[in-house]
Amino acid sequence: MQAIIDELCDLSLRDPLTGCANRRQFDTILDRELDRVARSGDVALLLMIDVDHFKRVNDLHGHNVGDMVLQAVAQALNGCVRPMDTLARYGGEEFAIVLPACQPAYGQNVAERVRKAVEALRIPIAPGQELTVTVSIGGAYALQWIRSTRKLWIERADQQLYQAKSHGRNRIEIEQQPDSTVTAEEKKLLFVPDLTGDTSWSGDWSDVFAAPLGSTDGVN
């Protein structure tokens, strides 16, 4: 009985078409990663991945073929990530990968591996007929030592995805890792103990770091 319960719980966190983590699981993992990065100052990368011209695939070949394409892309993406990473179907033809402990050089390599893996796909859709697709990829790093939000992190990665698609598709755009290094003394000021002895965040500075350089919006 416990095995059945465990299996049902796992299924509730999976996208039924692709087997990737679903949006609910993705949101949970993203929140957890934001908390970890804020507390540890570790590096984490979010990649947003969109299948190029997917509407054209559905219009020309039908939704069944579109589903086959999504399954093939998901399988290719899954072969590019580590066990510690999370591959999720974000919605429609868009996927997301959360990469903890991801230095910039490694993140760029993973994104390029993903792009090439999808580009190399030959998806059989009928006897003697194969389909090829490409993806555009946008990435953003979580703000270190900063209590940011899931919404802000996704928006930053989506902005890079928009740039990748605007510049011709089948390409990668990753935001430069924000420089949010703080000193040991500053770290002590960022966290305050509560009555239980746990540490909690003393404020939300995401608006400050989201503002353009030189802007005073959100700064007293």
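The values are calculated or read from the model by the stated rules, or taken from the named source; none is laboratory data. It should be emphasised that the depicted structure is a prediction, and the values quoted were computed from it without experimental measurement. Cβ: placed from backbone, ideal geometry, glycine included. Neighbour counts: every protein chain shown.
Of note:
- Residue ID - surrounded by the most Cβ atoms within 10 Å (Cβ to Cβ), chosen from residues in the stretch 120-137 that are assigned to a strand (DSSP E or B) and not small (Gly, Ala, Ser): VAL135
- Residue match in the stretch 24-32 (condition: under 17 Å from GLU94 (Cα atoms), free of Cβ contacts under 8 Å to residues at least 24 places away in the same chain and part of a helix (DSSP H, G or I)): yes
Rundown of residues vs (1) assigned to a helix (DSSP H, G or I); (2) under 20 Å from GLN177 (Cβ atoms); (3) touching a Ser or Thr at 6+ places or on another chain (Cβ under 7 Å); (4) without any contact (Cβ under 8 Å) to a residue 12 or more places away in the chain, yes/no style:
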site	(1), (2), (3), (4)
VAL69	yes, no, no, no
ALA74	yes, no, yes, no
PRO83	no, no, no, yes
VAL98	no, yes, yes, no
VAL110	yes, yes, no, no
VAL114	yes, yes, no, no
VAL118	yes, no, yes, no
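- Candidates are the residues of the stretch 1-55 that are β-branched (Val, Ile, Thr) and out of contact with any Phe, Trp or Tyr (no Cβ under 6 Å at 6 or more places or on another chain); the one that is modelled with the lowest pLDDT is ILE5.
- Residues (of a type in the set (A, V, I, L, M, F, W, C) and closer than 17 Å to GLU119 by Cα) located in the stretch 48-64: MET48, ILE49, VAL51, PHE54, VAL57
- If the condition is being at pLDDT below 95 and among the small types (Gly, Ala, Ser), then the stretch 146-186 contributes SER148, SER180, ALA184.
- For the stretch 80-99, the set of residues classified as more than 13 Å from the chain's Cα centre (by Cα), of a type in the set (D, E, K, R) and either surrounded by fewer than 20 Cβ atoms within 10 Å (Cβ to Cβ) or closer than 16 Å to TRP153 by Cα (or both) consists of ARG82 only.
- Matching entry among ILE146, ILE137, ILE154, ILE125 (being in contact with a helix residue (DSSP H, G or I) (Cβ under 9 Å, 6 or more places away or on another chain) and over 25 Å from ASP15 (Cα atoms)): ILE146
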